[in-house]
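Please read the structure below before turning to the comments.
The values are calculated or read from the model by the stated rules, or taken from the named source; none is laboratory data. As the structure is a computational prediction, the values presented were derived from the model and not from experiment. Neighbour counts run over all protein chains shown; Cβ positions are idealised from the backbone, glycine included. These accessible areas exclude ligands, DNA and RNA; they are computed on the full protein's heavy atoms, side chains included. Shrake-Rupley method; radii C 1.70, N 1.55, O 1.52, S 1.80 Å.
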Amino acid sequence: MSDGATTIVMVLVPQVTQLDLTGPAQVFARWPGAHLVIAAARAEPVMTDCGFAIVPTATFDTAPQADYLIVPGGEGIFDVLSDRRTVDFVRVQARGARVVGSVCTGAFLLGVAGLLDGVRATTHWGSMRLLPLVGAAPTPSRVVRDGRVVTGGGVTSGIDMALALAADAFGEQVAREIQLAIEYDPEPPFDAGSPDAFPEAEIELRRRAIEDRRRARVEAGMRASA
């Protein structure tokens, strides 16, 4: 935007994991001078993975150039990896963005768009081993920075990513104030937020089954985008 605002464009696809989008959006909306845009393929409500819809504020055709381009994840990401319009939107927006980021499996859309070649990146633990399929170097962490690319791990990591970006852009004091404003002070009732903390064999078996399905969809997306 020409008025000095910081434009954050978040990509909205069907069956997005809503917290991948709404968690960091809650932080971005509190940035000084923020202009938050939720861009989707069409100007109609988009169903999330929770059974409710989110209304986009722009389409891929009307979205302004992003300063920060953010791709949330979810199972729906794998369905759009072969959708050239979505991939091209991310690819073109990324050319003019200062920062390109993802949350959870949103990393795979960045990868199919050619933005993760040789880049250290993270994603949801259940898909970490698939990142090399899109050229990335898997780096398990809540937030990973590599140049202008910033990736967040699974779901709630998007809040951490947005706060880290706030600190980079406006200083730690502003980021701390935003964290206080949203009372982001997690004290989970269980120590079960990572495979290391909850390593039962059943989880590994389920992860492998999901990974096999996602691998096929990532490979299909890579072929379509070539």
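Observations, loosely collected:
- Residues that are in contact (Cβ under 8 Å) with a residue 40 or more places away in the chain and basic (K, R), drawn from the stretch 107-139: R129
- Summed over the stretch 10-41, residues that are more than 14 Å from the chain's Cα centre (by Cα) and on the phi > 0 side of the Ramachandran plot total 1.
- Boolean, R95 is out of contact with any strand residue (DSSP E or B) (no Cβ under 9 Å at 6 or more places or on another chain), closer than 24 Å to R215 by Cβ and of a type in the set (K, R): no
- Here I210 does not qualify as surrounded by 12 or more Cβ atoms within 10 Å (Cβ to Cβ) and in contact with a Lys or Arg (Cβ under 9 Å, 6 or more places away or on another chain).
- Selection count, the stretch 175-226, where residues are among the β-branched types (V, I, T), farther than 30 Å from D88 by Cα and under 22 Å from the mean Cα position of the chain (by Cα): 2
- Which listed residue is open to solvent by 60 Å² or more (accessible area, probe 1.4 Å) and either out of contact with any Gly (no Cβ under 6 Å at 6 or more places or on another chain) or at pLDDT 95 or above (or both), from D196, D160: D196
- Condition met for L36 (crowded, with 22+ Cβ neighbours inside 10 Å and either modelled with pLDDT of 95 or more or touching a helix residue (DSSP H, G or I) at 6+ places or on another chain (Cβ under 8 Å) (or both)): no
- The residues listed here are A97, A107, A136, A121; of these, the one that is crowded, with 17+ Cβ neighbours inside 10 Å, over 14 Å from the mean Cα position of the chain (by Cα) and under 22 Å from V27 (Cβ atoms) is A97.
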